[in-house]
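In what follows, a structure is listed as structure tokens, so that the remarks can point back to it.
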Amino acid sequence: MILYCATTNPGKLREFRQAAAGLLTLEALPHLQEIPPPLEDGATFEANAIVKALYYSQFEDAPVMAEDSGLVVDALDGAPGVYSARFAGDGAADGDNNRLLLERMKDRPNRAARYRCVIALAEKGQVLGTWTGAVEGEILDEMRGANGFGYDPMFYYPPFGCTFGEAPAERKLAVSHRGEAFRKMMEWWRVR
């Protein structure tokens, strides 16, 4: 069985393919680059994931998953949140977002943060379900590690004693927000 993933983020696609290995065939939605993206104006990760899953499911007969995820920082009242990918503005690169986060977190004693992910699965314009994952950590005042993507070099995970940017991909996936949400979806998939 093929499951299509509607993401243009190569890091996310790589992680989902790694999580799907041996369970099902996960492919990028064909011609995704040619399809105009939907407006992601939801106030929550779940709302945006549902918008994307419903929208992209009209382009394939097979199930299509979409996700919305990001970093939620307590000291910034939940920011960057749903704006994580564009925290430093539309078209911002990971480095731009990381620099802005470092600037906003300067001299803040509360470093608590979490990654959140919501996966929505849709088929032919109908939502089949949503699944959530989260992982707790802290924001460092410097970037460490070249693994992962996004905010991973600043997201310190205490049980590992390192950032997600320093952790090997398989180890990160075992505890990550994306891995947790995907595993929950797979549990549902196996019994549907």
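Please treat every number below as a calculation from the coordinates, not as lab data. Please read these numbers as outputs of a predicted model, since none were measured by experiment. Glycine gets a Cβ as well: all are built from the backbone with ideal geometry, and neighbour counts include every protein chain shown.
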- Kindly establish whether V73 is among the β-branched types (V, I, T) and under 20 Å from G165 (Cα atoms). yes
Exception for M186 within (1) surrounded by 22 or more Cβ atoms within 10 Å (Cβ to Cβ); (2) assigned to a helix (DSSP H, G or I) falls at (1)
Scanning segment 3-25 for residues that are under 17 Å from W189 (Cβ atoms) and either free of Cβ contacts under 8 Å to residues at least 24 places away in the same chain or of a type in the set (G, A, S) (or both) gives A6, R17, A19, A20, A21, G22
Within segment 166-175, residues buried (at least 16 other Cβ atoms within 10 Å of the Cβ) and more than 13 Å from G11 (Cα to Cα) come out as E166, A167, V175
### Query
Could we say that G81 is within 20 Å of F149 (Cβ to Cβ) and in contact with a Pro (Cβ under 9 Å, 6 or more places away or on another chain) here?
no
Of the residues in segment 122-165 that are touching an Asp or Glu at 6+ places or on another chain (Cβ under 9 Å), without any contact (Cβ under 8 Å) to a residue 24 or more places away in the chain and loosely packed, with under 15 Cβ neighbours inside 10 Å, the one that is nearest to R111 (Cα to Cα) is P158
